[in-house]
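Take a look at the structure below.
The values are calculated or read from the model by the stated rules, or taken from the named source; none is laboratory data. Not measured: the values here are computed from a predicted model. Here the Cβ positions follow ideal geometry from the backbone for every residue, glycine too, while neighbour counts run over all protein chains shown. Quick note on the areas: whole protein, heavy atoms, side chains included, nothing else; ligands and nucleic acids left out. Shrake-Rupley method; radii C 1.70, N 1.55, O 1.52, S 1.80 Å.
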Amino acid sequence: MATSIKLDARKYVVGMNWEFVDPLELGERVKALRTQLGPKGLIALRKHRESVSLGTAPDHGSQNIGGASLALAIADCHEQPWMGIFEIPALPGALESRYWYIAISREQSIVSSSDKVGTREEMEALRNEYMGLGEWQVLEGGIDDLKARLRDARAKHKTLYPVRQLKPDVAKWLLLLTVIVTLSAGCYLGFRYYEKIQEAKRLRLLAMERAALMARRRAREQTVIKTVPWSTYPRIDDLIFDCSKAVEALPLDLNGWRPIGTGCTGTGMSVTWQRDDFGSVANAPGPLSGGDKANSHVGWVLKGEKGSLSDLILPYELTGMMYRMAQKADVKLNAGAMNTQPVRHVPVKPGQKPPPPPPYLPHTFTFTVDSLEEMSVFSKVPTARITFINVIGLPDKKEFMVHLTVWSKN
């Protein structure tokens, strides 16, 4: 439930619900919210590179809630991703302290399950529920610490994001209209004229932003993409099946040679063999790479899984999906892999203007698992592909080091 608090003589709003919206769909979303949240529903916005953080709260009746969004104001106080629990001013006459939980992901985006107010135990339960999904920096403190963090954030980013009502309250204007008809009519006409001018300015700015966004998207679409990179790799489940089957079929000893390492790709499995004392070079299972080692190859043909640019989703959406899949597989996800820098084409000739960057951005992860079946959950991510599987610890303790690449929108 949204509520107002005062910090450093300024009112802030906490307890809003958060979501991410495409800028091109923002108008329709706000129109729908007017119906869902009521005439005094609250809204706060912050625009990112290609998305908008949208905070909302329903009509609270007679409660006077206003000010700037504290979640948006404090987002820049620390390097992302971070989460924190802070004490906030108690309600008048209340004996128990109140605490506020906030979590900020990439590009100052607010995690939807955060910006909540309650007891410390309730806030810690919310934090612990999300803490395992990535590598978070954890902050804590009292009211003075919260004020200090807020001042740090405002030093970096002075803009405050006001919390406004979706629909203005016209009750006072109607009352004034019944008391002083002539004056109120003049005020109304003047207000309508001013409102019309402001609306025209807002529509011009919105049209300019929309045109700029569409121009960026058209530039990306003009980039010649004959084959998306993830379509050149086989289905995750197909590679897991063939690799597991081939590894299980490996003999522990072959004429005095034993396997010490294997690697699986879409074209087959390579095996490195070590010669034992009683083994003979003449009986090597493949070409020699030194007197005591040899290499062999088990081939197969796995077709690439079809893919297209429509498979791509925004990085913050992909981050959430990868966290959920990693939790199901019971493996740790390195959040830093999602911070890969955009890939850009190199000009063909010196001084030539480079074409737009490709519309996709690769992120690479490495997992060590006891069974390849654990990795099959990642097949639900449209652009996720296993590029290489390295079997280590042969023959005593067998483990799989899996190299997985996933692509997001650039």
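Under a point spin-label approximation (7 Å from Cα along Cα-to-Cβ), what is the T35-R106 distance to one decimal in nm?
Simple spin-label model gives 3.4 nm for this pair.
With +1 on each Lys and Arg Cβ and -1 on each Asp and Glu Cβ, and nothing else charged, work out how big the dipole of the range 227-339 is about its Cα centre, in Debye to the nearest 20. Walk me through the numbers on the way to the answer.
Working: 10 positive and 12 negative charges, 38 e Å.
The calculated dipole for the range 227-339 is roughly 180 debye.
How large is the accessible surface per residue of the range 260-309, computed with a 1.4 Å probe and reported in Å² as a whole number? Could the numbers behind the result be given before it?
Details: 2820 Å² over 50 residues.
In whole numbers, the range 260-309 has 56 Å² accessible per residue.
Amide H neighbours of G67 under 5 Å, counting only residues 5+ apart in sequence or on other chains, H built in-plane at 1.01 Å?
V163
By how many nm would the segment from S310 to I392 lengthen if fully extended, with 0.36 nm per residue of separation less the alpha-carbon distance? Walk me through the numbers before you get to the answer.
Numbers: separation 82, 0.36 × 82 = 29.52 nm, distance 3.64 nm.
Gain on extension, S310 to I392, equals 25.9 nm.
Work out the FRET efficiency for H157 and T368 from their Cβ-Cβ distance, taking R0 = 30 Å, and round it to the nearest 0.05. Each step should come with its number before you reach the end.
Values: r = 40 Å, r/R0 = 1.32.
Given R0 = 30 Å and the Cβ-Cβ separation, E is 0.15.
With a 1.4 Å probe and all protein chains in place, put E122, E79 in order of accessible area, largest first. The partial results should precede the final answer.
Details: E122 100, E79 130 Å².
The ordering from most to least exposed comes out as E79, E122.
Can you give the Rg to Rh ratio of the range 98-159, both from alpha-carbon atoms, with Rh computed by the Kirkwood formula?
On the way: Rg = 12.3 Å, Rh = 12.8 Å.
A ratio of 0.96.
Report, for the range 1-70, the % of DSSP beta bridges that are antiparallel, rounded to 5.
Numbers: 16 of 18 bridges.
Given both bridge residues lie in the range 1-70, the antiparallel proportion sits at roughly 90 percent.
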